[in-house]
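None of the figures in this text is laboratory data; all of them are computed from the coordinates on show. If you're wondering where the values come from, they're calculated on a predicted model, not measured in any experiment. Counting neighbours? That spans all protein chains shown, and the Cβs are built from the backbone with ideal geometry, glycine included.
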Amino acid sequence: MSLTVVLVLALSWGISLAWWAIFEPITAEARTTNLVFPQGTADAVARGELPPFIPNSLTIGRNGRVRVINEDSVPHHIGAWTVPPGGSAIIEPAETGDGVTCSITPSGTMPVFLDRRPPLTSTFVPAAMLGIPSAVIAGLIVFVLRRIDTGGSAPPLAGREP
C-alpha cells in the first residue's frame, strides 16, 4: 500500500474515533449504584466514626440511580428519603454541586457528583469497531480511484514484476 492509502486509513479511523468520543449517544442506559448501610452504621456515626464500607462521596454516572439498602437496625435518612431498617429505595439525584444531608456520616452530609460523560469504554470500543472497517473501505476507494486515474496502469505492488 502506498503512503496515501495508509494516511487515508489512519485519517478515517481517527475521524471515526473522534466522532464517537466527542458526541455522546442520544440514549444511555440507566446504571444503578448500590449504597449499602451495614449493620452498626448508626452506632459508628454516634461514636463520630465513618461506618465501614460507606464511601466518603458518591459519583454517579450519566442517567444513574442509587439503590440505597439499609441493613442497619434503625432508619436512615439520605436527602429527602428515609430508608427503614431492612428496606431499600432507588434515588435519582438531582444536578447539584452540593452534598446531600444524610444520617450515615458523622458530618451529616455526603458529597454527590454527577458524571455526565460516558465512560471511555462506551465510546472507544464502538469507534474501534466501526472506525477500522470505515478506514479499510476508504482505503479501498482511494486504491480504486487511483487505478482509474491512471487508466488501470497503476505501479506494480512492491516486490512484484509487471
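Taking 0.36 nm per residue of sequence separation and removing the Cα-Cα distance, the Ile90/Leu145 pair yields an extension gain of 14.0 nm. A Förster distance of 35 Å, applied to the separation of the beta-carbon atoms of His77 and Val125, puts the FRET efficiency at 0.30. Per residue, the average separation of C-alpha pairs within less than 8 Å and at least 6 apart gives segment 32-114 a relative contact order of 33 percent.
Model label points for Phe113 and Val6, set 7 angstrom from Cα along the Cα-to-Cβ axis, are 4.1 nm apart.
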